[in-house]
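Enquirer: Can you keep this structure in mind? I'll have questions shortly.
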Amino acid sequence: MSQHYKNFLSLLERWPVDKSKVGRDLGQYLRDQLTAVLGSSNIVAVKDDRLQRQFRSLENIVNDVHAKKYPRTLNSTATGLSGEQCREVLSTEFLQALHSKKD
């Protein structure tokens, strides 16, 4: 099981953490889940093939396998905002400001 832990750790080293999404970041969530699953005393209950599938799926995401296989032809979004603008709108800071204006 320690090999799985090493594999996931090396994968998560390449996975960025978005500091603008405190408490809502996928990278941080994955790190927390790794600690919960592989650090628990009930590690025997985790299926080896299931871990391998999850690892391969996450590895495909971090390596941009599908983004390279199916490149985008347009750089627009459904909202009309750029990727950077979408990141700003989804940041915790912006959402808190929006929430405080509602009150």
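The values are calculated or read from the model by the stated rules, or taken from the named source; none is laboratory data. Nothing here was measured: the structure is a model prediction, and the numbers come from that model. Ideal geometry is used to build each Cβ from the backbone, glycine not excepted, and the neighbour counts take in all protein chains shown. Note: accessible area is taken over every heavy atom of the protein model, side chains too, but ligands, DNA and RNA are not part of it. Shrake-Rupley method; radii C 1.70, N 1.55, O 1.52, S 1.80 Å.
Enquirer: Using the crude model of +1 on Lys and Arg Cβ and -1 on Asp and Glu Cβ, and no other charge, please compute the dipole size for the chain relative to its Cα centre, in debye to 20.
Expert: 240 debye
Enquirer: Apply 1/(1 + (r/R0)^6) to the Cβ-Cβ distance of residue 32 and residue 65, taking R0 = 22 Å, and write down the FRET efficiency to the nearest 0.05.
Expert: That pair, residue 32 with residue 65, gives E of 0.35.
Enquirer: Further, regarding this structure: Treat each spin label as a single point 7 Å out from the Cα along the C-beta direction, and report the residue 9 to residue 84 distance in nm.
Expert: With each label placed 7 Å out from Cα toward Cβ, I get 3.6 nm.
Enquirer: Okay, next question. Which of 15, 67, 97 sits closest to the plus end of the dipole of the chain, meaning its Cα is farthest towards the positive end, when Lys and Arg get +1 and Asp and Glu get -1 on the C-beta?
Expert: Among 15, 67, 97, the one farthest towards the positive end of the dipole of the chain is 67.
Enquirer: With a point put 7 Å past each Cα toward its Cβ, work out how far residue 55 is from residue 102 in nm, to one decimal.
Expert: 4.2 nm
Enquirer: For q values of 0.16, 0.20 Å⁻¹, compute log₁₀ I(q)/I(0) with the Debye formula on a Cα-only model of the chain, without solvent.
Expert: Values returned for q = 0.16, 0.20 Å⁻¹ are -0.89, -1.09.
Enquirer: While we're looking at this one, here's another question. For the chain, set up a Gaussian network in which alpha carbons nearer than 10 Å are linked by springs, and say which option among 92, 77, 35 fluctuates the most.
Expert: 77
Enquirer: Quick one: order 5, 70 from most to least accessible surface, probe 1.4 Å.
Expert: 70, 5
Enquirer: Using the Karplus equation 6.51 cos²θ - 1.76 cosθ + 1.60 (θ = phi - 60°), what ³J(HN,Hα) coupling, rounded to whole Hz, does each residue of the stretch 48-55 give in order, writing x for Gly and Pro?
Expert: The phi angles translate into 4, 5, 5, 4, 4, 5, 5, 4 Hz.
Enquirer: Another one. Please work out how many pairs of lysine residues in the chain are eight or more positions apart (or on different chains) and have Cα atoms closer than 25 angstrom.
Expert: Taking the Cα cut-off of 25 Å, the pair count is 6.
Enquirer: Looking only at 82, 20, 91, which one moves most when the chain is put into a Gaussian network model with springs between Cα atoms under 10 Å?
Expert: Ranking 82, 20, 91 by mean-square fluctuation puts 82 first.
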